[in-house]
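Input: a single structure, listed below in C-alpha cells.
Just so you know, all these numbers are worked out from the coordinates, no wet-lab data involved. Please read all numbers here as calculations on a predicted model, not as lab measurements. Methodologically, a virtual Cβ is constructed for each residue, glycine included, from the backbone with ideal geometry; neighbour enumeration extends over all protein chains shown.
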Amino acid sequence: IRVSTTATPNAFESVPGDRLSVTVTGLKSDSWYWFALKTADDPESHKSYDVLFGSRNWSNISNIARVKTEAMPPQQVIGFKGVLFNDRKNITFEWKHVVINEDKTKCDDLLGYNIWRRSEKVEGAFELMGSTPTVPKNLTVWVDTKDISGAVYYYKVVAIDESLNPSMDSMIIDTSMDENIIALAGNGDYTRLVIPKSVSGVLYGDSNEFNEDLKIRIVEDISVDSGEVIKSFKFVALTDYDEPVKEFSFKKNKSWIIFTYKPEEAASAFSAAAIDSEEKTCLALFWHNGKEWIRIGGEINEESRTVSIKSKRIGSYMVKVANVIKKLTIHKVWPHIFTPNGDHRNDNVFIQYEYPYEGKQPFAKIFDINGALVSSLDVGATVEANKITSVKWDGTYEDGEIVVPAGIYIYQIEVGPDVYIGTVVLAK
C-alpha cells in the first residue's frame, strides 16, 4: 500500500499491510491523501520486503484513489437564548458564535448553523426549521416567524462546517411558561436537566459570576456498577473549552433532574434487589455529596417512566432500587456544624426526612440543651407519603431575627406516631 499527500507517484511512501487490508493511522483531519497498491509475485517475499519495493517482481502501480479525511467538528454552541414576543406567537434566538473545533483548535471552516424544532415533547426527532450563515460577529440571531402560540415547542441549534460535519446539539430551549433550557444525556437517552428561565441566568456570562457562557453536559457514570442501579449520570458545568466549573449551583431549588428508564431496565434492577432483600422496594434517586451516596427520593411517574426531583445542585446522580421505608426516617443532616453569620456558607442546617404516612402533617422543633423550646420550624404543606422532604433552621429564635448563642441544639421531627430526635452544633 502506498500513500502520499500529493498526486505525484514518486512521493508515495509505503505502509505495512497484509494481502487484504491495511489500516493507515496518523492522518491529519480535513486533508487530501492519495492511495495506490502494488503486488508481489511471491507471498513469502514479504519477509524481506523493503520500502523501495526491493528486487522482487512487482506489478505495475494500481489506479490511484483520492480520499479527504473528515474535518474536526465544530464545538457545541453555547450562549443559546430565546425571547418570546408578539404575545408569545414568535420567538427570536441568539447564541455565541463558534470559533473553535471540538479538539479546541481554531475553527476556520465554519459554514453556518442549522436550527431544529419539535413540538409537544422533547423526546423524538426534530425538524429542520432554518439555517443561518456564518457572520463576522460575536452573536448570531435567528427568528421563528411562524405562529407558535397554543403549543410548546423545543428548539436546538447545531454548527456546521464546510465538510458538513455537525457539532454536538446545543442545549434545548422550550416555549413553555417556564421557558426552560434543557440539557439532554443524548444517544437515545432522555435523562435530562430542565432549568427554568428564573434560574438559568447562571449559564450566561452577562449575568453570572464566571463572566462567560456555560453549558451543562450529562455524562454516563460507568464507575457505578451494581445490579440494583438502573443508571447513573454526572451533570457537569463546562466552559466553551470544556473546562469544569467549580462551585456551580443554581440560586434556587427549581431545576428538575429527570431520569428516564425502560421497563426492562427496571425489571432487571428489581430482580437483582430481590436476591438481597425481601423488603418491599421502589425506585429512588440518590445524589453523591463527594463522600457518599445520599438517598433523595424523587417523584415516580410510571406512565412516562421517569424519576424526578427538584434540585439546585448538579453532580453525580443515580436511580436505583431501594427499600420502601416503614417509619419516619432521617436521611441526612447537613452541615452538622453550621455558622449563621451571613457569609452565605453554612448559614443554615438542613434536615432531610421521609415518612410513610399519607396525609399526616409533620412538625419540626428546635430545643436548647436544657429542653427549652427555641423555635418551631416551618415544614410547609403536607407532602405525599414516601416522598423525601427537608426542613431548615437558620439559627434564630422563634421571631426569626436574633441568632441564638453558640452551642449544641436538639432537633425534633414528629409525624404520625413517630418522633425522631437528634442534635446539631451552632458555631460562631
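Could you tell me the relative contact order of the chain? Use alpha-carbon pairs under 8 Å, at least six residues apart, and round to a whole percent.
Numbers: 927 pairs, mean separation 36.4, N = 428.
Once divided by the residue count of the chain, the mean separation gives 9 percent.
Project the alpha carbons of region 141-215 onto their principal axes and report the range along each, largest first, in whole Å.
Cα spread of region 141-215 along its principal axes, largest to smallest: 38, 36, 29 Å.
Which of 408, 115, 173 moves the most in a Gaussian network model of the chain with Cα springs under 10 Å?
408
Tell me what the chain gives for mean residue ellipticity at 222 nm when only DSSP H runs of n ≥ 4 count, each as -39,500 (n - 2.57), the sum divided by the residue total, rounded to 500 deg cm²/dmol. Don't jump to the answer; show the numbers that get you there.
Working: 1 runs with 14 residues, N = 428.
Mean residue ellipticity at 222 nm (helix-derived): -1000 deg cm²/dmol.
Quick one: Karplus J couplings for region 412-419, per residue in order, coefficients 6.51, -1.76, 1.60, θ = phi - 60°, nearest Hz, x for Gly and Pro?
Once rounded to whole Hz, the list reads 10, 10, 10, 8, x, x, 9, 9.
Over all directions, the average projected area of the alpha-carbon convex hull for region 265-419 comes to how many nm²? If you can, show how the numbers build up before the last one.
Values: hull surface 44.9 nm².
Average of the hull's projected areas for region 265-419 equals 11.2 nm².
With each pseudo-label sitting 7 Å past Cα toward Cβ, what's the residue 67-residue 211 distance in nm, one decimal?
4.7
Looking at region 291-361, which GluC sites (Glu not before Pro) are DSSP coil and have at most 11 other C-beta atoms within 10 Å of their C-beta? Walk me through the intermediate numbers first.
On the way: sites: 292, 299, 302, 303, 354, 358; in loops: 292, 302, 303, 358.
Answer by residue number: 292, 302, 303, 358.
Over region 164-322, calculate the relative contact order: mean separation of alpha carbon pairs under 8 Å at least 6 apart, over the residue count, as a percent. Walk me through the numbers before you get to the answer.
Numbers: 303 pairs, mean separation 35.7, N = 159.
It rounds to 22 percent for region 164-322.
Explain nothing, just compute: Karplus ³J(HN,Hα) = 6.51 cos²θ - 1.76 cosθ + 1.60, θ = phi - 60°, for every residue of region 85-99 in order, whole Hz, x for Gly and Pro.
Here the 3J(HN,Hα) series is 8, 6, 6, 6, 7, 9, 9, 10, 10, 9, 7, 6, 5, 7, 10 Hz.
Just need log10 I(q)/I(0) for region 67-157 at q = 0.11, 0.16, 0.20, 0.22 Å⁻¹, Debye formula, equal scatterers on the alpha-carbon atoms, no solvent, rounded to two decimals.
-0.37, -0.72, -1.01, -1.14
For region 140-215, which trypsin sites (Lys or Arg not before Pro) are both in a DSSP coil and crowded by at most 14 other Cβ atoms within 10 Å?
When the trypsin sites (Lys or Arg not before Pro) of region 140-215 are filtered for loop state and at most 14 Cβ neighbours within 10 Å, 146 remain.
Positive end of the dipole of the chain, charges at C-beta (+1 Lys, Arg; -1 Asp, Glu), about the Cα centre: which of 330, 289, 249 has its Cα farthest in that direction?
The Cα lying farthest towards the positive end belongs to 249.
Mean-square fluctuation check for the chain, GNM, Cα pairs under 10 Å: which of 346, 301, 63 is largest?
It is 63.
Given H placed 1.01 Å from N in the peptide plane, which residues other than close sequence neighbours of residue 176 have an amide H under 5 Å from its amide H?
Close amide H contacts, sequence-distant or interchain: 153.
Given charges of +1 on the Cβ of Lys and Arg and -1 on the Cβ of Asp and Glu, with all other atoms neutral, how large is the dipole of region 205-355 about its Cα centre, in debye to the nearest 20?
540
Measure of size requested: the Rg and Dmax of region 330-428, with Cα atoms as the atom set and Å as the unit; please supply both.
Here Rg and the maximum Cα pair distance are 13.3, 39 Å.
Which of the pairs 106/197; 234/326; 234/291; 291/320 have their Cα atoms more than 20 Å apart in this structure?
Details: 106/197 32 Å; 234/326 31 Å; 234/291 15 Å; 291/320 18 Å.
Result: 106/197; 234/326 exceed 20 Å.
Under 5 Å between amide H atoms, partner at least 5 residues away or on a different chain: which partners does residue 213 have, H built in plane at 1.01 Å?
Close amide H contacts, sequence-distant or interchain: 205.
Between residue 327 and residue 348, what FRET efficiency comes out of the Förster formula 1/(1 + (r/R0)^6) with R0 = 22 Å and r the beta carbon distance, rounded to 0.05? Intermediate values should be presented prior to the final figure.
Working: r = 26 Å, r/R0 = 1.19.
Plugging the Cβ-Cβ distance into 1/(1 + (r/R0)^6) gives 0.25.
Please list the radius of gyration and Dmax for the chain, considering alpha-carbon atoms only, with Å as the unit.
Values for the chain (Cα only, Rg and Dmax): 29.6, 103 Å.
Scan region 345-424 for chymotrypsin sites (Phe, Trp or Tyr not before Pro) in coil per DSSP, keeping those whose Cβ has at most 11 other Cβ atoms within 10 Å, and list them by number.
On the way: sites: 350, 353, 357, 363, 367, 393, 397, 409, 411, 420; in loops: 357, 397.
Loop-located and lightly packed - none at all.
With labels modelled as points extended 7 Å from the Cα through the Cβ direction, what inter-label distance (nm, one decimal) is found for residue 247 paired with residue 268?
Once both label points are built, they end up 4.1 nm from each other.
Could you compute the FRET efficiency for residue 87 and residue 282, with r as their C-beta to C-beta distance and R0 at 45 Å, rounded to 0.05? Kindly include the intermediate steps, with their values, before the conclusion.
Values: r = 44 Å, r/R0 = 0.98.
After rounding, the FRET efficiency stands at 0.55.
Using Cα positions and a limit of under 17 Å, work out the lysines in reach of residue 327, with same-chain residues fewer than 8 apart set aside.
Residue 327 reaches 280, 360, 387.
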